[in-house]
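Starting off with a structure, shown below.
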Amino acid sequence: MKSIRAIGRMVIIGIIIVIIVIAGVVGYYLTLPTGPTVKDTLVMGTTDSVETNLDPAHAYDYFGWEIIRSLGAGLVDYEPGATGPSDIIADLATDWSVSSDGLNWTFTLRQGVKYDDGTEFNATHVKYSFDRNIQMADPNGAFLGLGFADIIRDIIVVDTYTVRFDLSIPFGPFLSLIAGQECVMVDPKYATMHGSSWNATDAVYYTEGDPRASNPMGLGPYTLANWTRVAGKDTTMKLVANPNYWGASAGIPKTKNIIIQFYADSSTLALAIQGGEIDVAFRQLTVTDIKTMQSNTNLQVWQGTGAFIQYLCLQERYAPFNETNIRKAVGAAINRTLIVSTVFQGQAQNLYTMIPIGMSGHKDVFQNLGDPNYTRTQELLAVYGFNATNKFTFTLWYETSGHYPQSLQQATVLKASMEASGVITVNLQSLEWAAMGSARNAGTMEAFIYGWYPDYIDPDDYIQPFLQTSGGTWLNLNYSNLEMDQLIEWARGNTTDSVRNTLYEQIQDLMVTDSPIIPIYQGSAYAVTSLKVKGVYLDITQNWRHWLVYIEQ
Amino acid sequence: MILILLTMVFLLIRVLPGDPVMLHFEKNANPVAVEQMRHQLGLDKPLWQQYFDYLLGIFRGDLGLSMQDYSSVGQQIFSAFPATLELAIYSMIIAASLGIFLGVQASKAYNRPQDHVIRIFGIVTYAIPVFFLGMVLQLTLGIGLHWLPVGQRFNPTIGIPQSPWYVDLNTPFSTALIPSLFKITSVHLSTGLYTFDSLLEGNIFKFVESLRYLCLPSLTLGLVLSGVFIRLTRSNMFETLRLDFVTAARARGLRETRVTYGYALRNAFLPVLTMVGLQFAALLGGAVLTETTFSWPGLGRYIVDRINFRDYTAIQGAVIVFGLFVSIVSLAVDLLYAYLDPRIRL
C-alpha cells in the first residue's frame, strides 16, 4: 500500500516537472523577440573599452576615439583607404585655403548641417569646440599633450559659414592635426561650462542610464542609444543612425544599428566570432587566432595597413650606448625578417625607418645598416675590443602586461638574432607595464623595446617625438643633435609636400648616422567578419568606420 | 581584520614600482599637468596623511575616486558586485550539491568501482585550471554544439532585466528626505542579479537568457570547486555511516535515503559547511580567472584591470569588499552551525 502511494506521489511530481519544463520552453519561444532583420543590426565584438570618457577634450584612447568619430564630425577627415596627409577630404568644411606664410587657415563650412537635436551647425560651433578644448587643457587630453595652445593663436568667426585659424607658428601638418578625433565638434548644449572659465572638470563623463548626456557630440552618422559600463569597463553599447546626419541622403550610415559587445580577452572574442555570436571581431585577436581563421571558410579576414610601430630604444646617458658605433653595431644585428615571420607569422612588416611604410616621406634607411649584417656588427664592436671570446653584453628590457603584442616572443627572437652575430650577449629582463613606465622616466633601462600609436597621420608624429631634443624628453634617452632639431623644425613649419619630403629624407639619413632608436616592425591591422559583411576599410588612420560597414542582404 | 588587510594593501601597492599619474601620460608628459594631477589625486601628500585621509573616508562610507577615470570607486564596485555575487551563488550551488551528492555516493560504495570513479573525478576537477576547463566547455558546449553563449553576461539585443518596482523620488516626502539627489526622479529596486530581476519583471524569456549566459561560467567554477566537497563529504560520511545511531536507524526499518541524508549527512555536514565558508574565499579568487575567461563583468576583472593601472583607490576598495564578503559568509556559516548542531546552542 505504502509503496503504491509512494509511486503515485512520484508520478504526480514527475507530471508537475514535465508541465513546468514544457511551459518554460513554450514560454521561451513565445517570448522570443522577432526583432529587426539581420541587415539592420550588426553586432561587433572587441576587447577594447572606452578608457575614460567620450569627450574629445579628454579622451585619448583608441576605442574612445573610434566612437567619438562615429558620433561626431570634424572639419576634415581621411578618405577611406587613406595612406597619409594627401588623402584628407572635406567633412564639415567644404573648402579651405592657407596663407602664403602658413599662418592663416580659412575654412568654408558646409551649410544645412544639423545636430541630432535639430540645431543648425555654424562657424560659432567651430570656435566654441576648439576654444573649449584648448582652454580646458585637460591633463589627459590630446590638446595639452599635442600642444594645440602653442600652435593655434586664435580662431576667428569670419561669417556664419567661414572660420579662420590664426596660428602662432607655421605648422605643416595642420590639416592632419585637425583631422584627429580630438578636433570633432561638440554641441554647446551638452558641453557646458560650469564655472566662469573652462576647467578640466567640465569634461563630459559617462552618466548611467543617459547615453545622450554621456557624450557632447551630435553631428556624426550615429547617435549613442545605449551605453552600459560596469566598474569603469564597457559591457555593451548601441549606436543608432542619426536621422539628422548630413550624409544620410547618401545612405550613410549603411547599417542602422550597431551593437558593440566587449570581451575580456582575445580568446573569448575569437570564440564568439567563430561561434557566430558576433558579425565582426576587431581588436585584438592574437596572431594564432588570425592564422586559424584565415583557413576558416565561414569567416573572412580583412587585412590592412597598421600605423603601429615598435622600435628598440638605446639609453645614451651612460656607457656603452653613449657610443654611436655601439648603437649601430646593435642595429646591424637585428634580423627583422626572422621576427616578422616567427613572432608575427607574417602579420607585420619589416620596418627600416620610423615613418611607416606607405606614408609620404618614408625611406628605408636602416636597410643599409644591415638586416642583419653580422660582419658589420663584428667590425664595429672589434674597435671597442669586443669579439667572440670577449662578447659585448647588455640587458634588454621588455614589458609583460600585454600592452604590446607578443612582447616576450619579440624579445626572445631579438636576443637570438643579435647573439647570432657571435659577438653579442643579451640578457633579457621584463617589467610589467606600469613599472616599465617608471623605469623609462628614471632612465634606468639601457635598452628596451617600445611602441607607438600615432596621434595624427603625418610623418611629423613619427619623427618629432623621438628625434627632436624637446619632443623626445618623454623617452628620456638623452639624444640631442642640433642639426636634427633644425631639420625637424623646418619640416614642421613648411606646408609644401615636396619640400617636406626632402627634409624628411635628410632627417632619416641622419637618424641612421646617429642610430638613437632602431625601428623593428610595423604592425598590420586585422579584422575578422562573417562572410556577408562588407564595407570594411583598414587603412593607416586606424579609424574603424562603423558607418560604412554593412551586412549584405 | 579588515583594517589589517586594508593597511597591508595600502602599503603593498605603493611599494610596487609604477606611478598611477605617469600612466596617464604615456607619451608627452607636461610637468605642470603631472603636478596638477598628482595634487588632484592627493598623491602629493605624505604617505601617513594619505593613509589617514583614506581611513577617514572609509568610516564615512566613501571609498574615494578612481585614479584612472575619477569616478566613484564605491559606485563602480557597487555596479560590478552583483555579477560576481550571482556567479558565486550559482557556482557554490553547483559545487556543493554535486560535491555532496557524489561524496555520499562514494562513501556508500566505499572501495568499489563507483567510489574509484568518483574519487578520480574529484581529483581531476580539483586539479584542473579554471581557464582550461572554461575553454574546453566553451569549445564543446559553445562552439561545437551551439547550445550556450561563450561569454558575456546577457544578450545584447534585449534590455537587461529590471524589476518593475521603483521608488518615486518626486513625492513631497522623499524630496524633503533626499533633496534633489543627482536629479534622479526614481530608483529601481533591482538587485543586479539578472536571474532574480527577470523573475521580478515576470519575463521568462529574460530569465532563460540570463541562465543560459550563467551556465558556462558557473559550471566551470562549480566543477572546479566540487572536488573538495567530494573528498570531504566522502571521508566524513564514511566515518558517520559506521556509527551506532546509523545502524540503529537502519534496524528500525527507515528507508536508506532517509538514513543517509536525514541522519548521517546531517551529522557529517558540519565540516562540509566549514568548507563552504572557506571555499567562498577560493571562489572569489577563482572568479578573477573565470570572469576573464568568460568576459563576465564582475569584481575579479575589475581588480586585475585596476592593478595594471596602479589605481590605488580602486584596488583598496575592491579588496575591502572582498574581505567584507568573506567575513560575512564566515559569520553566516557560524550562525548556521547553531541551527544544524543543537550542542552549539547550549
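All of the numbers you see were taken from the coordinates with simple rules; none came from a lab. Just so you know, these numbers come straight off a predicted model, no measurement behind them. FYI the Cβ positions are ideal-geometry reconstructions off the backbone, even for glycines, and counts take in every protein chain you see.
Run the simple label-point estimate for A:Ser86 and A:Glu419 please: 7 Å along Cα→C-beta, distance reported in nm.
Each label point is offset 7 Å from its Cα along the Cβ direction, giving 4.5 nm.
Can you tell me the dipole magnitude for segment A:53-169 around its Cα centre, using point charges on the Cβ only (Lys, Arg +1; Asp, Glu -1), in Debye to the nearest 20?
It works out to roughly 160 debye.
If you don't mind, another one. Are there any helices in chain A, counted as whole DSSP H runs, that stretch 30 Å or more along their axis by Cα and score at least 0.5 on average by Kyte-Doolittle, and if so which?
A:2-30
Rounded, prolate or oblate: which fits segment B:12-110 when a ≥ b ≥ c are the square roots of the eigenvalues of the alpha-carbon gyration tensor, with rounded for a/c under 1.5 and prolate only if a/b beats b/c?
prolate
Averaged over B:206-212, how many beta carbons belonging to a partner chain fall within 10 Å of each residue's beta carbon?
2
Per 0.36 nm of contour for each residue apart, how much would the distance between A:Thr469 and A:Gln294 grow if the chain were fully extended, relative to their Cα-Cα spacing?
Net length gain for the segment: 58.6 nm.
Pick from B:Leu283, B:Leu139, B:Leu273: which is most flexible by mean-square fluctuation in a GNM of chain B where alpha carbon atoms under 10 Å apart are linked?
B:Leu139
Which of rounded, prolate, oblate describes the protein assembly as shown, given a ≥ b ≥ c as roots of the alpha-carbon gyration tensor eigenvalues and a/c under 1.5 marking rounded, otherwise prolate only if a/b is larger than b/c?
The shape class here is prolate.
State the extension gain, in nm to one decimal, for the chain segment bounded by B:His116 and B:Ser330, taking 0.36 nm per residue of separation less the distance between their alpha-carbons.
Stretched fully, the B:His116-B:Ser330 segment lengthens by 73.8 nm.
In the protein assembly as shown, what percentage of the DSSP-assigned beta bridges are antiparallel, given to the nearest 5?
Here the antiparallel bridges make up roughly 80 percent for the protein assembly as shown.
Please identify which residues in segment A:526-553 have an amide N closer than 19 Å to a label point set 7 Å out from the Cα of A:Lys256, following the Cα→Cβ vector.
Of the residues in segment A:526-553, A:533-534, A:546-553 have backbone N under 19 Å from the label point off A:Lys256.
Compute the FRET efficiency between A:Ser99 and B:Thr157 as 1/(1 + (r/R0)^6), taking r as their Cβ-Cβ distance and R0 = 41 Å, and round to the nearest 0.05.
So, using R0 = 41 Å, E works out to roughly 0.20.
If the cut-off is a Cα-Cα distance under 17 Å, which lysines reach A:Lys189, setting aside same-chain residues fewer than 8 apart in sequence?
A:Lys114, A:Lys127
Can you give me the long-range amide H partners of A:Thr162? Hydrogens built in the peptide plane at 1.01 Å from N, cutoff under 5 Å, separation of 5 or more residues or another chain.
Long-range HN contacts for A:Thr162: A:Leu109, A:Ala123.
Same structure again: Starting from the Cα-Cα distance between B:Leu16 and B:Met1, subtract it from 0.36 nm times their residue separation and give me the gain in nm to one decimal.
3.1 nm
Sticking with this structure for a sec: Would you calculate, for chain A, the mean residue ellipticity at 222 nm contributed by helices, counting each DSSP H stretch of 4 or more residues as -39,500 (n - 2.57) and dividing by all residues, to the nearest 500?
-9000 deg cm²/dmol
Which FRET efficiency, nearest 0.05, do A:Gln135 and B:Leu278 yield, Cβ-Cβ r, R0 45 Å?
After rounding to 0.05, the efficiency reads 0.20.
May I pose another question? Could you grab the relative contact order for chain A? Cα pairs under 8 Å, six or more apart, rounded to a whole percent.
This gives 19 percent for chain A.
Let me know the shape class of segment A:406-493, please: from the alpha-carbon gyration tensor, a ≥ b ≥ c as square roots of the eigenvalues, rounded when a/c is under 1.5, otherwise prolate if a/b is greater than b/c, or oblate.
Prolate, since a/c reaches 1.5 and a/b exceeds b/c.
Continuing with this model, one more query. Which one of B:Arg112, B:Arg231, B:Arg266 has the biggest mean-square fluctuation once chain B is modelled by GNM with Cα springs under 10 Å?
B:Arg112
Still on this structure: As a quick test, which of the pairs A:Lys233/A:Lys415; A:Lys238/A:Lys532; A:Lys291/B:Lys206; A:Lys254/A:Lys532 have an alpha carbon distance above 25 angstrom in this structure?
Too far apart for the 25 Å limit: A:Lys233/A:Lys415; A:Lys291/B:Lys206.
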